[in-house]
Amino acid sequence: MELSLTRPDDWHLHLREGDLLRAVVSHSARHFGRAIVMPNLKPPITTTAAAVAYRQSILKALPPDSRFDPLMTLYLTDNTSPEEIKLARKSGVVFAVKLYPAGATTNSQDGVTDIFGKCLPVLEEMAKHNMPLLVHGEVTDPNIDIFDRERVFIETILSPLLIKLPHLKVVMEHITTMDAVKFIESCNEGSVAATVTPQHLLLNRNSLFQGGLQPHNYCLPVLKREIHRQAIVSAVTRGSNRYFLGTDSAPHERQKKECPCGCAGIYNAPVALSLYAKVFEQAGSLDKLEAFTSFNGPDFYGLPRNTSKVKLRKSPWKVPDSYPYTSGEIVPMFAGETLEWFPSDN
């Protein structure tokens, strides 16, 4: 069996910088036409000038014949100005702004501490320019159970925010709960959407502990109960245009994952298309895969769909145990396992 898909885009991607960037970018560029690149570097990408410079470093790291187009984002802080949003829109390379609640995930310490008290003028400017707000949808109150962070964020921050700013476009990134599905489907179509990762479609929180602690299955938002995984699979595979591909591929060197305080993040860029195909095949919905991977994202962002194609062949292949690079090695999702769908440009 072979599937021919309009070339997909990745609407949530971490590429890092330096040696790590050079090690991983070709895995995304091989099959994806574009990617929304996350801004949580050290220091974070908080200005349009920094985003332009980061984009240039990504382009320099690409293979010589690559047509991969990195779409840049700004990191929202308490001090971001409406004027910066105007500069971003004029740049032609910045397509969204990312909200990290301070302390929510990797390199989020510079994130927002008071969205209603300090960020409303910026968000109003974004709504005026039709620039999406990408949200890491978790509260960071240590008194809130980590498995409830997404639900509480929706109830206390996102829902009130959209009442105040109903014209603001929002993408809930890497959703993990049935609560997120219910919320997204209660909103006006075209105003709120969500990216969905391979890990949150295929794994539940048992995957963190089976056979011992599994650091390479640890990500944020953390994996949830099986009932939540099933709710997300059902929402995505029935063909709704409110959901689109966003891998949240997040590379870390092996030693930073396998240590007493391991980093959050799953590196899935080399296997993502194979895993999405697995999910849709298991649901009997392969006919709906292309819309999820290739149409819903650009339609939401108001960008043209890609015109080139990629193919997925039903041909078993083994995922490498790791990908070496100058500073160590990166362990991919499902390392050493056999997958059924092999992506190819040919």
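Worth a mention:
- Test: THR77 is crowded, with 17+ Cβ neighbours inside 10 Å, among the polar types (S, T, N, Q) and in a strand (DSSP E or B): no
- Failed item in (1) more than 22 Å from SER344 (Cα to Cα); (2) of a type in the set (A, V, I, L, M); (3) in a loop (DSSP other than H, G, I, E, B), with LEU15 passing the rest: (1)
- Residue that is surrounded by the fewest Cβ atoms within 10 Å (Cβ to Cβ) [pool: residues in region 264-286 that are in a loop (DSSP other than H, G, I, E, B) and of a type in the set (S, T, N, Q)]: SER285
- Residue in region 1-13 that is open to solvent by 50 Å² or more (accessible area, probe 1.4 Å), over 15 Å from the mean Cα position of the chain (by Cα) and either aromatic (Phe, Trp, Tyr) or at pLDDT below 95 (or both) present: yes
- Residues of region 153-167 that are assigned to a helix (DSSP H, G or I) and within 17 Å of CYS119 (Cα to Cα): PHE153, THR156, ILE157, LEU158, SER159, PRO160, LEU161, LEU162, ILE163, LYS164.
- Only one of VAL122, VAL97, VAL139 that is touching a helix residue (DSSP H, G or I) at 6+ places or on another chain (Cβ under 8 Å), open to solvent by less than 40 Å² (accessible area, probe 1.4 Å) and either in a loop (DSSP other than H, G, I, E, B) or modelled with pLDDT under 95 (or both): VAL139
- Boolean, LYS86 is at pLDDT 95 or above, in contact with a helix residue (DSSP H, G or I) (Cβ under 8 Å, 6 or more places away or on another chain), surrounded by fewer than 20 Cβ atoms within 10 Å (Cβ to Cβ) and on the phi < 0 side of the Ramachandran plot: yes
- Single residue of region 249-263 satisfying the filter (open to solvent by 10 Å² or more (accessible area, probe 1.4 Å) and under 17 Å from the mean Cα position of the chain (by Cα)) that is farthest from GLU337 (Cα to Cα): CYS263
- Index of the failed condition, GLU150 passing every other in (1) surrounded by fewer than 23 Cβ atoms within 10 Å (Cβ to Cβ); (2) assigned to a helix (DSSP H, G or I); (3) not hydrophobic (A, V, I, L, M, F, W, C): (1)
- Residues in region 172-195 that are of a type in the set (Ser, Thr, Tyr) and either in a strand (DSSP E or B) or in contact (Cβ under 8 Å) with a residue 40 or more places away in the chain (or both): THR176, THR177, THR195.
- Qualifying residues in region 30-54 (those that are surrounded by fewer than 21 Cβ atoms within 10 Å (Cβ to Cβ) and of a type in the set (A, V, I, L, M)) - the one nearest to TRP341 (Cα to Cα): LEU41
- Restricting region 35-70 to residues that are of a type in the set (A, V, I, L, M), without any contact (Cβ under 8 Å) to a residue 60 or more places away in the chain and not in a helix (DSSP H, G or I), the residue that is farthest from THR113 (Cα to Cα): LEU62
The values are calculated or read from the model by the stated rules, or taken from the named source; none is laboratory data. Note that the structure is predicted; figures quoted are calculated from it, not measured. Backbone-built Cβ (ideal geometry, glycine too); neighbour counts: all protein chains shown. Each accessible area value is taken on the protein alone, full model and side chains, heavy atoms only, with ligands, DNA and RNA left out. Shrake-Rupley method; radii C 1.70, N 1.55, O 1.52, S 1.80 Å.
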